[in-house]
Amino acid sequence: MGLAQFAVAFDHTVTTTFGKGLTLWSAVAAIRSQGLALWSTVATIGRQGLTLWSAVAAIGSQGLALWSAIATVGSQGLTLWSLVVTVLNQTFLFQTFTAAFSQGLTLWSAVATISGYGLAEYRVAGFHLRGSLVGSGQGESSAG
């Protein structure tokens, strides 16, 4: 019986070892599937993170688009102010020309007035000169 007991003991050892091996492989398979599940979770979180960063980037680009729109509106406002300043400068220039023209007319009026007085004086002087010449000519002819 020794041999039978040995065979039973061996069979029990093999069965136990094989069972423990199966248990170990089952544990390895469970850990492996847990690892795969963990990696799947990590990948999902990574994709979620990428989605989050993509959303943040989209919001950031919307913010940049908003700032670009604000800058465009601001530059349009500056263009409007530049136009207003140009119109005001042209108005000032027109007022300057008008004032200069008005002063020029006043100057010409003064020149014409002075010239008018000068012509009147010239006429009076000419009249006196002619009167003197005519008078002196008459005086000579009566003396002669």
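Results, tabulated for the structure shown:
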{"read-out": "Values of log10 I(q)/I(0), in the order q = 0.14, 0.19 Å⁻¹, for the stretch 3-48 under a Debye, Cα-only, solvent-free model", "value": "-0.52, -0.66"}
{"read-out": "Estimated inter-spin distance, TRP108 and ILE70, nm [label 7 Å along Cα→Cβ]", "value": "5.8 nm"}
{"read-out": "Label point distance in nm, LEU88-THR41, each placed 7 Å from Cα along Cα→Cβ", "value": "6.9 nm"}
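Read the figures in this text as sums done on the coordinates, not as results from a lab. In this text, all values refer to a predicted model and were calculated from it rather than measured experimentally. Quick reminder, even Gly has a Cβ in these numbers, built from the backbone with ideal geometry, and neighbours come from all protein chains shown.
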